[in-house]
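Student: Mind looking over this structure? Questions follow.
The values are calculated or read from the model by the stated rules, or taken from the named source; none is laboratory data. Worth saying up front: this structure is predicted, and the values here are computed from it rather than measured. Cβ atoms come from the backbone with ideal geometry, glycine included; neighbour counts cover every protein chain shown. Side chains are part of the model used for accessible areas, which takes the heavy atoms of the whole protein and leaves out ligands, DNA and RNA. Shrake-Rupley method; radii C 1.70, N 1.55, O 1.52, S 1.80 Å.
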Amino acid sequence: MDLDKNHSAASGGHPEKHPQQPQPAAPAVPAEPAIRASDADRDRIADILREAMAEGRLTAEEHSERIDSVYRAKTVAELEPLVQDLPAPGVRREPASAAYDPQDPSGPVTAENLVAVFSSSTRKGRWRIGRKTNAFALFGSVEIDLTEALFGQRLTVINVTAIFGNVEVRVPENITLRGSGTGIFGNFEVETLEAANPEAPVVVVNGYSVFGNIEAKPKRGKRIADLHGRMRKHLGH
């Protein structure tokens with residue numbers, strides 16, 4: 001009996017503790033593989049950014065920074081944060097305006113291409129400009145004159161590249177004109193405009209020049225409302 005008491009005193013009076021058995025580790029959940037971004041994915045994000053800049057949601061500097069990130073992105077997960085604070089295109093339809101003739105924005109976007117390689121290309125007069133136009137000048141010149149053009153949509157985007165060449169864009173003085181681009185040993189100049197009419201067409205000129213010149217500005221004395229009035233008279237309205 002005394003031996004049992006001495007044993008308890010020596011052990012501090014506490015029952016003997018056994019080491020805790022290690023718990024089996026939970027099986028690792030495999031991470032979802034990152035989906036590589038396609039050219040179509042990048043174009044979709046770029047279109048949202050261009051529309052946001054045209055609506056005044058992004059400054060030209062913010063637009064330029066995000067566009068750079070778009071074309072550096074390798075996965076879809078890198079693209080989505082660039083537009084998470086912007087509305088999706090086509091959420092709201094612009095009301096009809098006397099300044100232009102609206103078309104269905106859900107239709108396919110067909111870009112017109114103007115190319116001048118050791119030559120010149122001119123687009124002017126009475127013509128209907130689409131939502132997207134691409135201009136490329138290599139040792140040549142491209143002239144785009146929108147002063148008598150018919151706008152079938154509110155937002156028109158012109159993507160321009162000039163390499164040892166020259167591209168000039170002229171617009172009516174009562175529309176909105178914005179742009180974003182870079183000149184590398186060259187010139188990129190957009191004379192920005194803000195139309196008084198919030199429903200006036202918006203033209204956005206994007207691009208870059210290498211040893212070339214890109215210039216977009218209004219043509220003084222040319223107003224889209226004047227053309228619209230002539231068209232209404234011609235059509236008997």
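Student: Mind checking which strands (runs of 3 or more DSSP E) fall wholly inside segment 113-217 and carry at least 3 residues that are crowded, with 17+ Cβ neighbours inside 10 Å?
Tutor: Working: elements: 120-123, 132-138, 141-145, 155-163, 166-171, 176-184, 187-190, 202-210.
The strands (runs of 3 or more DSSP E) meeting that bar are 132-138, 141-145, 155-163, 166-171, 176-184, 202-210.
Student: When you look at residue 98, is it modelled with pLDDT under 85 and in a loop (DSSP other than H, G, I, E, B), yes or no?
Tutor: Spelling it out, residue 98 is indeed modelled with pLDDT under 85 and in a loop (DSSP other than H, G, I, E, B).
Student: Separate question: Consider only pairs whose beta carbons are under 6 Å apart and that are at least six residues apart or on different chains; among these, list those whose first residue lies in segment 157-172 and is touching a residue at least 60 places away in the same chain (Cβ under 8 Å) and whose second residue is open to solvent by less than 10 Å² (accessible area, probe 1.4 Å) and of a type in the set (A, V, I, L, M).
Tutor: Pairs found: 157/204.
Student: Of all residues in segment 44-59, how many are modelled with pLDDT of 80 or more, open to solvent by less than 50 Å² (accessible area, probe 1.4 Å) and part of a helix (DSSP H, G or I)?
Tutor: Within segment 44-59, residues that are modelled with pLDDT of 80 or more, open to solvent by less than 50 Å² (accessible area, probe 1.4 Å) and part of a helix (DSSP H, G or I) number 5.
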